[in-house]
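Trainee: First, the structure itself, so that you have it in front of you.
The values are calculated or read from the model by the stated rules, or taken from the named source; none is laboratory data. The structure presented is a predicted model; accordingly, all values stated were derived computationally and were not measured. No Cβ is skipped: glycine too gets one built from the backbone with ideal geometry, and neighbour counts run over all protein chains shown. These area figures cover heavy atoms from the full protein model, side chains too; ligands, DNA and RNA do not enter into them. Shrake-Rupley method; radii C 1.70, N 1.55, O 1.52, S 1.80 Å.
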Amino acid sequence: MSATDLNDGLGEGSASTIVDTVWTEETSWLDRVPRAVSMLALFLAFLAVWQVVTMLGIISPIIMPTPAEVGRDLVTVALNLLAGDYMLGAMWITAKEVFFGFAIAITVGFSLGVLVGETSFGERAVMPYLVAIDTMPKIAFAPLFVAWLGFDIASKVALAAFIATFPIIVGTAAGLHAADTNARMLFKTMGASRWQTLVKLKLPTGLPHFFTGLKIGSVGVMAGAITGEFLGGGKGFGELIRVAASMLDTPRVFSLILYLSLIGLALFAFVNWVQRHFVFWHKARVAQSD
Amino acid sequence: MSATDLNDGLGEGSASTIVDTVWTEETSWLDRVPRAVSMLALFLAFLAVWQVVTMLGIISPIIMPTPAEVGRDLVTVALNLLAGDYMLGAMWITAKEVFFGFAIAITVGFSLGVLVGETSFGERAVMPYLVAIDTMPKIAFAPLFVAWLGFDIASKVALAAFIATFPIIVGTAAGLHAADTNARMLFKTMGASRWQTLVKLKLPTGLPHFFTGLKIGSVGVMAGAITGEFLGGGKGFGELIRVAASMLDTPRVFSLILYLSLIGLALFAFVNWVQRHFVFWHKARVAQSD
Amino acid sequence: QTLKDITFVQPSPSSINSFPIYVAISEGFFKEEGLNVRVESVNGSGPVIQALASGQAQFGRPGPGPVLNARARGVDVVFLYNMMVKSSFGIVVKDGDSFKSVPDLKGKVIGVGTADGAEVSFARGILSSLGMQENRDFTFLTVGDGGMAAAAFTRDDISAYAASTADAAILTYRGLKLRDITPVEFLTYFGNGFAVMQSTIDKDPKLVESFGRAVVRGQEFAADPKNRDRVLADLKAGMPQENEDRDFANALFEQVLAKTIPLDASKGWGYQDPAHWDRWHKSLVETGSLKQPIPDLPKAYTNAFVETWNK
Amino acid sequence: MNTAAAALTKLPSHRDVVYELRSVSKTFALRRIQALDKVDLRLERGSFSSVIGSSGCGKSTLLKIMAGLQSPSSGSVVLAGTPVMGTRRDIGMMFQHATLFPWRTTLENIVLPIEIRDGKHAARAKHEDARRLLELVGLKGFENVYPNELSGGMAQRAAICRMLITEPEVLLLDEPFSALDELSRDFMNMELQRICMAREATAFLVTHSIPEAVILSDTVYVMRPRPGRVVEEVPIDLPRPRTLDMITTPRFGALVEHIRSRLDKEAL
Amino acid sequence: MNTAAAALTKLPSHRDVVYELRSVSKTFALRRIQALDKVDLRLERGSFSSVIGSSGCGKSTLLKIMAGLQSPSSGSVVLAGTPVMGTRRDIGMMFQHATLFPWRTTLENIVLPIEIRDGKHAARAKHEDARRLLELVGLKGFENVYPNELSGGMAQRAAICRMLITEPEVLLLDEPFSALDELSRDFMNMELQRICMAREATAFLVTHSIPEAVILSDTVYVMRPRPGRVVEEVPIDLPRPRTLDMITTPRFGALVEHIRSRLDKEAL
Ligand SMILES: Nc1ncnc2c1ncn2[C@@H]1O[C@H](COP(=O)(O)OP(=O)(O)OP(=O)(O)O)[C@@H](O)[C@H]1O
Ligand SMILES: Nc1ncnc2c1ncn2[C@@H]1O[C@H](COP(=O)(O)OP(=O)(O)OP(=O)(O)O)[C@@H](O)[C@H]1O
Ligand SMILES: [Mg+2]
Ligand SMILES: [Mg+2]
């Protein structure tokens, strides 16, 4: 009948049209725009708004510079960085703070997260303290950090780690609750020890949650390092920003911040990449290996 | 045989002993300590360490006061709060900042999280900007906030919301990836629109992730409000801490911070409570309704 | 009669450092001028000027250095009233240490509060006038304020600290005994004072007049020892927590008050000596805090209102 | 439901082809597993077909391709005259795994397809129908129970109700009764026949039970694995409506034996 | 495997009671659903028992209680002389749902119990055994495939391998073959018998197939729902080892019919 006719009409060539019937998420028109184009469009839109705001003159240049000024300064900073001048050194110091801070945050956050997620002692007795500590303005503790760790990068690393630890704790702890009853019962019947259940079941199951914490933490660690440098004694990028800010050199402040956010982006992208490789089954589930 | 004997020996009374064979997570000895006891023990341990450190005299009282000094000051502050004096007003202001900041962060974070989690445009084009923005030291933007929003709580609310939004974005976006293929295919065959799949499948499935973000955000919003007050204007608790700090009245700084962390704890506990009621099936799964 | 709302912004949350304002508020001097003044505290002179530039505040209390910096960037902010007529900064060392004068600090680390605050320009000025050069004869370490400075001293990370006199007084009062080794001739490096945007002066000179008049009245009232109790009560009303401990508040107040009394009272409260401005300017340029000299230095300050205020 | 009348209304459209698969092949890219090799199928409107074959021979893959959930590597799928390019609303599908949503009660899970198609209000209007379906499958009293309190077979029955509630024209069923006891299974088979006949629905069933396939179907497709392909179409010439006592007839036995023999020929 | 020898070694321990359940009841608190009502069971060492009953009658609950995964509301469970107070290592359990872990290949999933019991090294040593088991169940070639690429029945077979690899003394099986075709199912049944006899393992099987229960068991327990209770213990007096041709014997037919009639008496 008609179905057959149609099908005959399609013939061998129909295969190619039908190959697209694979099950995928629906995509909106936004998704079909290539990434580079959409990023650029966003960027230009952002620039335009910025330009208009500054051109209207409602905002003083010492509060918000024009895109052109910042653009010029981006070049200056880039030249300085490329020449291996003092800014490169400062960036290197900040990168070190971020790296060590993140490493410590992962270690401590993961351990505490396991304590909180695994034991009701952790969840009910330790967690309130952790929440309380994390609510406290870290700035108030800066003198303590300095008194103990000095003005070198150690105190900045500590502050950075401090801020990044909490998200990792919460993520890890939430992840440990993600395994379902069936899987838990299975482990039970296999005679798995608590430790084995943790390592071989709960941690793998909870990896997506853990990575959520890690991503938030990766951004927190940057903020922490810069805050630390703002508070005193640093020789890193934060200090450069602070000097520029105190001299009301706003274009410099903005361009330094932009370079800084590149470090943050790199760190975040790295975490994302690690997640993709570690939680391959999650991805496979979503994207249908086809 | 022997099994029968044993069983006879147990008789009717055995039921009570066997009632305990319900499947539950193994508990370590730590978990059997009542919550109050363990919290108190932790607290006392903490106090003891603190006392010893200050008694050794290695740390100047300007940097770290003794527990006794802080204790005395806690009473002073409590009396002031109870008398409805200026501190109560300050606390009220900070609480308002936190409340509005959190409300905005939830709204914005959730919306952006959906954008990032649902569309590859969001994930690949918008997310890098969000990460970049969040990496930037917010402190540098404080003058901008003040310039636009004034000295009133609006600028603090904005900063608080700013800081709390990112975790919620990441949590929401991660949650939207949590639904498994089976469930997605089921929705597909039901002819669910993208919106329906989002609302009726992906969001409920992703709630645990969303709440992870919310918990981290609830703590971030506190930090944000206080940072905002530190940076400019405002009559809240952060201002009180700053005044005390500039006077080197460390016991006061510590006791104010302790009261502040109570607000943070309350907020966190509230989020936790909401999660338990919203994600009831998750809990039920874990604790075996029995 | 309805009061006009204005905002005054100060670089730190202290009523004592801005005492004329607080006294004038509590004693009703502003009200008599038809003004309702609201005080906001930000974090440093830079944000003070930013608040003025954005119109969020009409008056502020920045240091002279940041004002010149802002002018170099085209912001027409004008220093209006010299409040801390005597240098409010100093170089301090621990009481027990052997340093007698600034040259003894050769090869040492000097702590500063902020990366490039007024006290840094000040300290740089002193040191360079004595032929000492940064990173050769001494180094600066940004340690922050208060507790951070205490931590730095106790760790022996710094040998001296360039600070505002109020900060040093607080440290001393809290048990870290400090000694001021600032040479007297640097007293003319005046400190923070009241500033305003030129546009405000142009638009509403009356406002500037009435603001200054009330400030002068506050200053005079506070300077009179008879009124001490009242003044302390006024300060407490403005910032209760800072003034809870009366002895502490009084001690600090005396320190600050002393810096506001001019050597030559005949010019009136708030008067700014052009020579002192030249000195500041020169020092800022020499030490690199200003990249190049400001062409219109006299426009950075004005004495035009001093007479009216002091009538 | 008057079965004679149902049979009558069925006649006119009898020749109408609903589904047409033409040499559908499917190779999973990652390991080059060929799940389906040139499968041809023609399902007529109102017909009931079953597919039977060893585990892993590609039955579920075939169903997913028919539902538009996966694309064939080559070949074409045409449903009611239009190529299948994605999922369609007129198809009701039941998966091998029940997949109930833990945040919805049994009743709410069942009316979910209605809620998705016609909104919350329509779903509420269907609560009565849902209750009736639940009673039919023996789940009366479990309306407001959350799925984690259901047994394996109960969850499967709830999933059947969820598929039936929309009264779809085409039913794709992947081992819908695998977790049910014999008695319930027989009962459910008869109900399924009744429903399909009454609605003139086209059904395509994956099952491992040869008697089940025979009692329900007009045609049984026998599949062989590696690569999955249809080796025989067995037309079932038993009269409609089928009844359970037909199981004891010699014709039934012969058909079952024939199919079994076709399957037997392969080694496990 | 020499079956005669196996039968011999079995004799001495014949009287040994492995499992003893005494009036085990289970009420789920939330809705006061009584899943089990005074269930008594005695399983002898090396015996094979099945439980059969309609969906939702409490079979899975019974198995979980025997495995120590849930506690009875009243009554006692004794395994090998000691009350069951939690899970035990000598029990191998297979759940109704396969539950393979997506981050492990099929082979890694199968050796997981070994890894848990004896460590990674021992698990690696068992890879050969695991491969053999996989070949036995027809999954040769799928060792390094991740579970999301397995079909429903393939996953179930992998789960069977996972349970068998530890050679447990007691096997608790919850509908282990529900997703398999008849042929594979028959084959798996015979393999299961062989394994249990060779190892002198005690098996307890939940199934919906009466013939499967009869061909495998020494005793078939018939359960009725609401509340779930054992209404009859049917001893199966067919000789061991059982073979598939016994299915056609009259005795077998009579037993199946008897059990069916016991189940039939209840309304659905
Ligand atoms: N966690 C639970 N909470 C409440 N009720 C439950 C729970 N688990 C099972 N039940 C109830 O207990 C009864 C028996 O369930 P069970 O899973 O043991 O049935 P079953 O015999 O295994 O059925 P099937 O053959 O369908 O798997 C059912 O009525 C079910 O609703
Ligand atoms: N997502 C996938 N990726 C790769 N291979 C797959 C995938 N899904 C199925 N397969 C393979 O395709 C073949 C057919 O699978 P399918 O699920 O269709 O079998 P089935 O006939 O439904 O079996 P069962 O009766 O066991 O459910 C199997 O060999 C399986 O390994
Ligand atoms: Mg299948
Ligand atoms: Mg069951």
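Trainee: Suppose you put the label 7 Å out from Cα in the Cβ direction; list, shortest first and in nm with one decimal, how far A:Val53 is from each other copy's label.
Mentor: 4.1
Trainee: Carbon and sulfur atoms: what percent of the 1.4 Å accessible area of segment A:160-215 do they account for?
Mentor: Carbon with sulfur: 68 percent of the solvent-accessible area.
Trainee: Additional query: Based on Cα coordinates alone, diagonalise the gyration tensor for segment A:175-290, multiply each eigenvalue by 5, take square roots, and list the semi-axes in whole Å, largest first.
Mentor: Sorted largest first and rounded, they come to 43, 17, 8 Å.
Trainee: Only helical DSSP H runs with n ≥ 4 go in: add -39500 (n - 2.57) per run for chain B, normalise by residue count and round the 222 nm mean residue ellipticity to 500 deg cm²/dmol.
Mentor: Calculated from helices alone, the mean residue ellipticity at 222 nm is -24000 deg cm²/dmol.
Trainee: Something else: What is the total of Lys pairs in segment A:68-289 with C-alpha atoms under 21 Å apart, excluding same-chain pairs fewer than 8 positions apart?
Mentor: Close lysine pairs found across segment A:68-289: 15.
Trainee: Counting pairs of alpha carbon atoms under 8 Å apart in space and at least six apart in sequence, what relative contact order in percent does segment A:33-182 give?
Mentor: 27 percent
Trainee: Can you give the angle from 0 to 90° between the axis of helix E:152-164 and the longest principal axis of chain E, with both taken from C-alpha atoms, to the nearest 10?
Mentor: For E:152-164 against chain E, the angle is about 90 degrees.
Trainee: Once you put a point 7 Å from the Cα of A:Ser193 and another 7 Å from the Cα of C:Ala233, both along the Cβ direction, what distance in nm separates them?
Mentor: Once both label points are built, they end up 7.3 nm from each other.
Trainee: Ok, one more. E:Thr248 label points, 7 Å along Cα→Cβ, one per copy: pairwise distances from this copy to the rest in nm, shortest first?
Mentor: Label-point distances to the other copies, shortest first: 2.1 nm.
Trainee: Now for a different question. For segment B:231-248, list whatever residues lose no less than 20 Å² of accessible surface once every protein chain is in place, relative to that chain by itself, with the probe at 1.4 Å.
Mentor: Listed in order, they are B:Leu231, B:Gly233, B:Lys235, B:Glu239, B:Arg242, B:Val243, B:Ser246, B:Met247, B:Leu248.
Trainee: Do the sum for chain E: with -39,500 (n - 2.57) for every DSSP H run of n ≥ 4, divided by all residues, what is the mean residue ellipticity at 222 nm, to the nearest 500 deg cm²/dmol?
Mentor: -11000 deg cm²/dmol
Trainee: Another question, then. I'd like to compare E:96-103, A:51-58, E:141-148: which one has the highest average count of other Cβ atoms within 10 Å, and what's the full order after that?
Mentor: Per-residue Cβ counts within 10 Å, averaged per peptide and sorted highest first, yield E:96-103, E:141-148, A:51-58.
Trainee: Something else: Counting only DSSP beta bridges with both residues in the protein assembly as shown, what percent are antiparallel, rounded to the nearest 5?
Mentor: 50 percent
Trainee: A further question follows. Once you average over the residues of E:94-104, how many Cβ atoms of partner chains fall within 10 Å of each Cβ?
Mentor: The shielding value for this peptide is 6.
Trainee: Å³ per residue of the Cα convex hull, for segment A:75-213?
Mentor: Expressed per residue, the convex hull around the Cα atoms of segment A:75-213 is 142 Å³.
Trainee: Using the per-residue mean of other Cβ atoms lying within 10 Å as a proxy for protection, in what order, highest first, do the peptides B:78-90, A:261-273, C:191-203 fall?
Mentor: Highest mean packing first, the order is C:191-203, A:261-273, B:78-90.
Trainee: Please compute the contact order of chain C in relative form: average sequence separation of alpha-carbon pairs under 8 Å and at least six residues apart, divided by the residue count, as a percent.
Mentor: 28 percent
Trainee: Anyone know which of B:Val279, B:Val75, B:Val98 comes out most mobile in the 10 Å Cα GNM of chain B?
Mentor: B:Val75
Trainee: Ok, one more. If each label sits 7 angstrom from Cα along the C-beta direction, how far apart, in nm, is E:Glu135 from its counterparts in the other copies?
Mentor: 5.8
Trainee: In peptide D:208-216, what is the residue-averaged number of other protein chain Cβ atoms found within 10 Å of each Cβ?
Mentor: Taking the mean over all residues of the peptide, I get 2.
Trainee: Using the crude model of +1 on Lys and Arg Cβ and -1 on Asp and Glu Cβ, and no other charge, please compute the dipole size for segment E:24-148 relative to its Cα centre, in debye to 20.
Mentor: Computed charge dipole of segment E:24-148: roughly 300 debye.
Trainee: If you find the alpha carbon centre of segment A:185-238 and of segment A:103-172, how far apart are they in angstrom?
Mentor: Taking the Cα centre of each part, segment A:185-238 and segment A:103-172 sit 11 Å apart.
Trainee: Pop the C-beta distance of C:Asp296 and A:Leu258 into the FRET formula with R0 = 45 Å and round what comes out to the nearest 0.05.
Mentor: With a Förster radius of 45 Å, E is 0.85.
Trainee: Can you list the lysines whose alpha carbon is less than 20 Å from that of E:Lys140, not counting same-chain residues fewer than 8 positions off?
Mentor: Excluding near neighbours in sequence, the set is D:Lys59, D:Lys265, E:Lys126.
Trainee: Would you mind working out the magnitude of the charge dipole of segment E:98-167 relative to its Cα centre, with +1 at each Lys and Arg C-beta and -1 at each Asp and Glu C-beta, to the nearest 20 Debye?
Mentor: Dipole magnitude for segment E:98-167 comes out near 20 debye.
Trainee: What share of Cα pairs, in percent, lie more than 67 angstrom apart in the protein assembly as shown?
Mentor: Cα-Cα pairs in the protein assembly as shown separated by more than 67 Å: 27 percent.
Trainee: What does the average come to when, for each residue of peptide C:237-244, you count the partner chain Cβ atoms lying within 10 Å of its Cβ?
Mentor: Taking all residues of C:237-244 together, the mean is 5.
Trainee: Am I reading the C/B interface right? What is its buried accessible area, both sides, 1.4 Å probe, to the nearest 100 Å²?
Mentor: Between C and B, the summed buried area is about 2400 Å².
Trainee: Using per-residue counts of other Cβ atoms within 10 Å, averaged over each peptide, order C:160-173, B:216-229, A:184-197 from highest down.
Mentor: Put in order of decreasing packing, that is B:216-229, C:160-173, A:184-197.
Trainee: Given a cut-off of under 8 Å on Cα pairs at least six residues apart, what relative contact order in percent is computed for chain D?
Mentor: 25 percent
Trainee: Work out the length of the dipole vector of chain C about its Cα centre, built from +1 on the beta-carbon of each Lys and Arg and -1 on the beta-carbon of each Asp and Glu, and round it to the nearest 20 debye.
Mentor: In total the dipole reaches around 220 debye.
Trainee: If you roll a 1.4 angstrom probe over the protein chains with everything in place, what fraction of the accessible area of segment D:98-167 belongs to carbon and sulfur, to the nearest %?
Mentor: Here it works out to 48 percent.
Trainee: Of all beta bridges DSSP finds with both residues in chain E, what is the antiparallel percent, to the nearest 5?
Mentor: 55 percent
Trainee: Among C:Leu3, B:Phe100, E:Gly81, whose Cα projects farthest towards the positive end of the dipole of the protein assembly as shown, with charges put on the beta-carbon of Lys, Arg (+1) and Asp, Glu (-1)?
Mentor: E:Gly81
Trainee: I've got another one for you. Enter the angle in degrees (range 0 to 90, nearest 10) between the Cα long axis of helix E:250-264 and the first principal axis of the Cα atoms of chain E, meaning the one along which they spread out most.
Mentor: Helix E:250-264 and the main axis of chain E meet at about 70 degrees.
Trainee: To the nearest 10 degrees, how steep is helix C:274-286 against the longest Cα principal axis of chain C, on a 0 to 90 scale?
Mentor: 40 degrees
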